[in-house]
Amino acid sequence: MYRAVLTVAAAAALVIGGVTPAVAAHPSRLPGAPTDVQVSGAGDAAALTWDAPRGGAAVTGWRVTVSPAGRLPVHGIDRLPATARSDRFTDLHAGTRYALTVRAVGNRGAGPVARVRYAAPRSTSVAQSLYGLDASGAVVRFPTSGRTRATTVAADGEGFTADDVGDVFVPSADRTSIVLHPAGGGPARVLATGLHLTPDLRSDVAGNVYWLDSVTGVVNRLAARGGTVRPWVSFGTTPNGVTDRYWAVGRDGTVSTWAGTVTAATVRTVSPSGTTTSRSVTAGDAGVLGYVRAVIADAHGNLYYNWLSPGAAGAFIWWVLPAGATVPVAAEPRLAFEYAATNGETFSLLQSKQWCTTPSEYTPTGCGVDRSVTDLVVRSADGTTVTRSVTGLTAGTRGANLGASDRAGDVFADVDSGPSAGLWRVPAGGGAAQRLSSGQFSRLLVV
């Protein structure tokens, strides 16, 4: 079933604060109060959204707080850039009532506070679902348990994405609008229009939606539940002879672009608070980055990328660029026919027992290797790796083969051919794989 929606919304209460009366700036020299302030929650997290003030001085930033702060970093205080329109707090305690505030900051001080209250639900357990695009182009939803059949969420869902509460976002047919299909049903509505979309939306757990602008080539961002569309991150200054351009969104809201050649790349990363960093990536001892074919991100700033080896071998290999690093490291123990996924906390790789090169595979007799999937390799964000045995599944063709993984670590993969063609679920602990459907699905996503 879809993820349960746990939402509390309240009107913003405005109070003047931030400076003492003796030194207070004149109100006209301060920004006005944020408008349309709303809070929504799912599980142990709450997302705050707002719009710009209707008057006052220019906004140079935002100060967002949550109280009680508990174990949250910086005492529950976030300082965000002027472009921000949302913030998200996690690790909230069940049954606790929180106060969240946001105020605009200008050159002469902070404006009035807008305050909302949020009551964290007494149960923070939220069911996850698997989403995919079926052969007809419809978005379908499976329970991650695999115990019931899929339901159709939206027709014509090419390029869809979904947020952490189960809302599904779809590009319109003419690629000018983003359409929201609410969790739990109800009529679809247009979130934003007048856009230049590519059929590849991404989202984070807070519900911010991202896409590559088809005119500017910049990754744009639409704040949760609508609002102003903003350029978020570009590909920056890239190496000469760039052959590969990819971008990835971590579920925590970290967005990265990758532009590179077979030997070097530029990676630009924007944190959830809007801070941008840039790295020049080199191959290190490996000597080559290869032809990159996919880039995915976890929730800790690590980028996992799949590259096709130069030459005729036809090997698709997974490496990881750790957060802040400039030299990648291997993310897999051996070559295989494989399926990869991340749930934000771990990177999972289903690997076949044997592998062969492309030339031998396409000889008249074929390479005759054993393609049965025998290993589930799980790599934690800190690099710790464990391997578990798998049965009942046979790999299809070679490629990046992106799957999905749920919070528990179960892995979902679509096999395109062979005796195991269809959609599969592999338990986090390994063991027997479970076929969910004999149909073909793409854009697998668990939320």
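The values are calculated or read from the model by the stated rules, or taken from the named source; none is laboratory data. Because the structure is a prediction, the values reported are computed rather than measured. Backbone-built Cβ (ideal geometry, glycine too); neighbour counts: all protein chains shown.
Give the stretch 136-172 a look and list any residue that's of a type in the set (A, V, I, L, M), modelled with pLDDT under 95 and farther than 20 Å from Asp204 by Cα, or say none.
Residues satisfying the conditions are Ala150, Ala155.
If you scan the stretch 331-355, which residues turn out to be surrounded by fewer than 19 Cβ atoms within 10 Å (Cβ to Cβ), farther than 13 Å from Val377 by Cα and over 20 Å from the mean Cα position of the chain (by Cα)?
The answer is Gln354, and nothing else.
Could you please find all residues in the stretch 389-423 being part of a loop (DSSP other than H, G, I, E, B), more than 23 Å from Ser309 (Cα to Cα) and among the hydroxyl-bearing types (Ser, Thr, Tyr)?
Within the stretch 389-423, Ser420 is the sole residue that qualifies.
Val190 versus (1) part of a strand (DSSP E or B); (2) surrounded by fewer than 21 Cβ atoms within 10 Å (Cβ to Cβ); (3) touching a residue at least 24 places away in the same chain (Cβ under 8 Å); (4) among the β-branched types (Val, Ile, Thr): which is the lone unmet condition?
Every condition holds for Val190 apart from (3).
Which of the residues spanning the stretch 29-60 are of a type in the set (Gly, Ala, Ser) and within 17 Å of Val229 (Cα to Cα)?
Keep residues of the stretch 29-60 that are of a type in the set (Gly, Ala, Ser), which gives 32-33, 40-43, 45-47, 52, 55-58.
Within the stretch 29-60, just Ala52 meets the criteria.
May I ask you to list the residues in the stretch 86-102 that are over 10 Å from Ala120 (Cβ atoms) and more than 24 Å from the chain's Cα centre (by Cα)?
Answer for the stretch 86-102, where residues must be over 10 Å from Ala120 (Cβ atoms) and more than 24 Å from the chain's Cα centre (by Cα): Ala99, Leu100, Thr101, Val102.
Regarding Gly290, is this residue touching a Leu at 6+ places or on another chain (Cβ under 7 Å) and under 24 Å from Ser442 (Cβ atoms)?
yes
Within the stretch 74-121, how many residues are without any contact (Cβ under 8 Å) to a residue 24 or more places away in the chain and not hydrophobic (A, V, I, L, M, F, W, C)?
3
Report whether or not Val378 is assigned to a strand (DSSP E or B) and more than 26 Å from the chain's Cα centre (by Cα).
Considered against the rule, which asks whether it is assigned to a strand (DSSP E or B) and more than 26 Å from the chain's Cα centre (by Cα), Val378 comes out as no.
Note down all Cβ pairs under 9 Å where the first residue falls in the stretch 371-382 and is closer than 12 Å to Ala331 by Cβ, the second is among the charged types (D, E, K, R), and they're at least six residues apart or on different chains.
Hits for this filter: Val377/Glu332; Val377/Glu338; Val377/Arg388; Val378/Arg388; Arg379/Glu332; Ser380/Glu345; Ala381/Asp298; Ala381/Glu345.
In the stretch 250-291, how many residues are among the charged types (D, E, K, R), farther than 24 Å from Ile317 by Cβ and modelled with pLDDT of 95 or more?
Matching residues across the stretch 250-291 total 0.
Take the stretch 63-87 and flag every residue that is more than 18 Å from Val229 (Cα to Cα) and surrounded by 21 or more Cβ atoms within 10 Å (Cβ to Cβ).
Val64, Thr65, Val66
Given the options Ala224, Ala259, Ala265, Ala299, name the one that is over 24 Å from Arg175 (Cα atoms), in a loop (DSSP other than H, G, I, E, B) and among the small types (Gly, Ala, Ser). Reasoning before the result, please.
Working: Ala224 fails: over 24 Å from Arg175 (Cα atoms); Ala259 fails: in a loop (DSSP other than H, G, I, E, B); Ala265 fails: in a loop (DSSP other than H, G, I, E, B).
Checking each option against the conditions leaves just Ala299.
Considering only residues that are modelled with pLDDT of 90 or more and either part of a strand (DSSP E or B) or buried (at least 21 other Cβ atoms within 10 Å of the Cβ) (or both), which ones fall in the stretch 119-135?
If we filter the stretch 119-135 for residues that are modelled with pLDDT of 90 or more, which is where we start, we get 129-135.
Residues satisfying the conditions are Ser129, Leu130, Tyr131, Gly132, Leu133.
Against the definition (at pLDDT below 95, closer than 30 Å to Asn401 by Cα and either in contact with a Lys or Arg (Cβ under 8 Å, 6 or more places away or on another chain) or in a strand (DSSP E or B) (or both)), how does Ala99 come out, yes or no?
Values: at pLDDT below 95: yes; closer than 30 Å to Asn401 by Cα: no; either in contact with a Lys or Arg (Cβ under 8 Å, 6 or more places away or on another chain) or in a strand (DSSP E or B) (or both): yes.
So Ala99 fails the test.
Restricting to the stretch 363-384, name every residue that is loosely packed, with under 15 Cβ neighbours inside 10 Å and either among the hydroxyl-bearing types (Ser, Thr, Tyr) or in contact with a Leu (Cβ under 6 Å, 6 or more places away or on another chain) (or both).
Thr363, Thr365, Ser380, Thr384
For the stretch 425-447, give me the residue count where each residue is assigned to a strand (DSSP E or B) and in contact (Cβ under 8 Å) with a residue 60 or more places away in the chain.
10
For a quick check of your reading of the model, give me the residue pairs whose first member lies in the stretch 277-295 and is under 9 Å from Val267 (Cβ atoms), whose second is among the charged types (D, E, K, R) and in a strand (DSSP E or B), with beta-carbon atoms closer than 7 Å and at least 6 apart or on different chains.
Hits for this filter: Ser278/Arg268.
Working carefully through the options Ala138, Ala99, Ala150, Ala162, find the one that is among the aliphatic types (A, V, I, L, M), on the phi < 0 side of the Ramachandran plot and surrounded by 22 or more Cβ atoms within 10 Å (Cβ to Cβ).
After ruling out the rest, the residue left standing is Ala162.
Any idea which of Gly70, Gly159, Gly132 is over 24 Å from the mean Cα position of the chain (by Cα) and either closer than 29 Å to Gly274 by Cα or in contact (Cβ under 8 Å) with a residue 24 or more places away in the chain (or both)?
Gly70
Using beta carbons and a limit of 8 Å, which pairs, at least six apart or on different chains, have the first residue in the stretch 327-339 and farther than 14 Å from Tyr305 by Cβ and among the aliphatic types (A, V, I, L, M) and the second one modelled with pLDDT of 95 or more and in a strand (DSSP E or B)?
Leu335/Ile317; Ala336/Gln351; Ala336/Ser352; Ala336/Asp375
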